[in-house]
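Accompanying notes for the structure given below.
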Amino acid sequence: MGLELKNPIIVGANNMVTNPDGLKRMEDAGASAVVYKSLFEEQIQMKNLEDYERTTEYEDRHAEMITLFPDPKPDSSYQDEHLLNLRKAKESVSIPVFGSLNARHSETWVEYAKKIEEAGVDGIELNFYTVPEKFNNDENHLEEKQTEILKLVKNSVKIPVAVKLSSFYSNPLQIIAMLDNSGANGFVLFNRLFQPDIDTDTEQIKFPYNLSNGEDHRLPLRFAGLLHGHTKGSMCANTGIFSGNDVVKMILAGADCVQVVSTLYLNQIETISTMLTDIEKWMDNRGYKSLSEFKGKLSRKNSEDKNTYHRAQYLDFILSTSEILKKYKVIN
């Protein structure tokens, strides 16, 4: 995004960053930057609706009570509190702090982006995603709309703007190219979306909070490898990154940096320090002095084996049946 970071590990948006002590621990552990918890337009709207219903609940019980309350103005308490805490977070640490935004309408994307910029952050992360839910959705229209939102935000703020995407696009490479040409300063791959589950005892749908696991990093690794050398914006890998070795993989594939969250919940914030030490040991053992010396070494652009990023099915020359059976102890 045009900012020089002291290392490639960024703390992704999560609830821990709202705790001043947790934020300080992240900086002390060596995090190069922090993405603050996202501001959600839907949450603001829900809060406004709750306040409206509360203040108008008894208005029509009796005729003389109709004007008991004035027409409510939109309540900005949630929004103001979020922005105040964002400003405090920025002022409490010396590392870069990024704002994160989830909005729905073009006007509010711009409105909230401006307010986040006013909080003094170093950049903004726009959360773009699409979940297939209609059979007749026009994917091209959606991508054009998101591209237009990026342009509007870029024209409204002076700080760098990154886009965090999901993998639910018919062609993620195409939308990234469109956003890249429209001025995105960086891309975060990929947004981890909550998926529904079903409780068979109550026969109810539920939304469990699931952390990522060590296998989840393979999808962003593939796209980091595909995109290296083909975008002007920087590339940040996200999801399933738990160790220094995982970070090294992403840099080898072509990412500029990574975001971590789940490993902080599972292994404590101080695991950042361990990850950085492991990266340094790996680099020392191979004689690397900087990340640039091996960044993208195994990307599609630089790899000798181009099939790596083209194949998506099991083939005998990729993974033999005997290896699978031995791994899962089906045979000795």
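The values are calculated or read from the model by the stated rules, or taken from the named source; none is laboratory data. The structure displayed is predicted, hence computed values, not measured ones. Because the Cβ atoms are built from the backbone with ideal geometry, glycine has one as well, and the counts that use them run over all protein chains shown. Surface areas here come from the heavy atoms of the whole protein model, side chains and all, with no ligands, DNA or RNA. Shrake-Rupley method; radii C 1.70, N 1.55, O 1.52, S 1.80 Å.
Taking the Cα centre of the range 195-310 as origin and assigning +1 to Lys and Arg Cβ atoms and -1 to Asp and Glu Cβ atoms, the resulting dipole is close to 820 debye. Take the Cα of residue 170, step 7 Å toward its Cβ, do the same at residue 142, and the gap between the two points is 1.1 nm. Approximating the spin labels as points 7 Å out from Cα along Cα→Cβ, the residue 304-to-residue 232 distance works out to 3.5 nm. Students often get this wrong: which residues of the range 8-31 have the backbone nitrogen under 17 Å from the point 7 angstrom along Cα-to-C-beta of residue 81? What the label zone holds, given the 17 Å backbone N cut-off, is 15-20. Summarising the amide proton neighbourhood of residue 123: residues at separation of 5 or more, or on other chains, whose placed amide H is nearer than 5 Å comprise 99. Shown is the FRET efficiency for residue 28 and residue 290, computed with R0 = 25 Å from the Cβ-Cβ distance and rounded to the nearest 0.05: 0.55. Residue 301 contributes about 120 Å² of solvent-accessible surface, heavy atoms of the protein only, 1.4 Å probe. Taking 21 Å as the limit for the C-alpha separation, the pairs 114/145; 154/232; 158/232; 6/301; 114/158; 6/151 exceed it in the case of 6/301; 6/151. Subtracting the Cα-Cα distance of residue 19 and residue 194 from their residue separation scaled by 0.36 nm leaves 60.7 nm. In this simple spin-label approximation, residue 118 and residue 130 carry label points 7 Å from Cα along the Cα→Cβ vector, and these lie 3.3 nm apart.
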